[in-house]
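Below is one structure, written out as structure tokens; the observations come after it.
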Amino acid sequence: MLKTKIAVLVSGGGTNLQALIDAQKGGILKSGEITLVISNKENAYALQRAKDNGIKALYIKKDEDFEKNLVNELEKSGIQLIVLAGFLVILSENFVKRYPDRIINIHPSLIPSFCGDGFYGLKVHEAALKRGVKITGATTHFVNEITDGGKIIMQKAVEIKDNDTPEILQKRVMEEAEWKILPLSVEKISKDLSEN
Ligand code: GAR
């Protein structure tokens, strides 16, 4: 069976990208192949991670042609599934509608808590601690025109401990939830796409 061609879009350190690369090497991600990594940040360490693993890595400047250039590159590489892994650009309705059920995002909370516009990265964990919730987690979902509003694919809960800081909590959510459910979700959707 042909593997689903995957592009991973990133803006930062790329630990979720690394989890996907490791899953590919370890055989957990077997129905899809990461063939392209794109960042809106020239110095994103995620781009280096891609290059270190022999994956095509591109920087696309966030200007008025950003989405046009993005679509060009995705089409040139025959991409079938797009994974947003710490990609902090909000994509337009126009772009999202081009790829129905073909864009996956990872969000560091249990949606519908602490999500939507303005909730990204450490801000999510700051909000969870401020509200005093005892359980948080991570969610993978399809991307539609509503920020963090698409159909949920997987969720995993993570305990909040006394004395957690946003940084400590972020690390625990990544280790216990994000790096596990993202590869599993990408494999599940890649498998569905490769069979259809
Ligand atoms: C991750 O925690 C991811 O869930 C979050 O940004 C971080 C990126 O880390 N994404 C969002 O907040 C999206 N709303 P990484 O670059 O090490 O994967």
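What follows draws every value from the coordinates through simple rules; no lab data is involved. In this text, all values refer to a predicted model and were calculated from it rather than measured experimentally. Cβ: placed from backbone, ideal geometry, glycine included. Neighbour counts: every protein chain shown.
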**Study point:** Out of ILE79, ILE111, sole residue that is more than 27 Å from ASN196 (Cα to Cα) and assigned to a loop (DSSP other than H, G, I, E, B)
**Key:** ILE111
Point to revise | Residue satisfying all of: in the stretch 166-175; farther than 20 Å from THR140 by Cα and in contact (Cβ under 8 Å) with a residue 12 or more places away in the chain; surrounded by the most Cβ atoms within 10 Å (Cβ to Cβ) among these | key: PRO166
Check your understanding: When the residues of the stretch 113-127 are filtered to those that are without any contact (Cβ under 8 Å) to a residue 24 or more places away in the chain and more than 10 Å from the ligand (Cβ to nearest atom), which remaining residue is surrounded by the fewest Cβ atoms within 10 Å (Cβ to Cβ)?
Key -> SER113
Check your understanding: Is it the case that some residue within the stretch 80-87 is under 23 Å from TYR45 (Cα atoms), small (Gly, Ala, Ser) and away from the ligand (no atom under 15 Å from the Cβ)?
Key -> no
Study note, to complete from the structure: The one condition PRO100 fails out of (1) in contact with a Ser or Thr (Cβ under 6 Å, 6 or more places away or on another chain); (2) away from the ligand (no atom under 14 Å from the Cβ); (3) in a loop (DSSP other than H, G, I, E, B) is (1)
Practice item. Select from the stretch 129-155 the residues that are within 12 Å of the ligand (Cβ to nearest atom) and not in a loop (DSSP other than H, G, I, E, B) and list them in ascending order. Key: THR136, GLY137, ALA138, THR139, THR140, HIS141
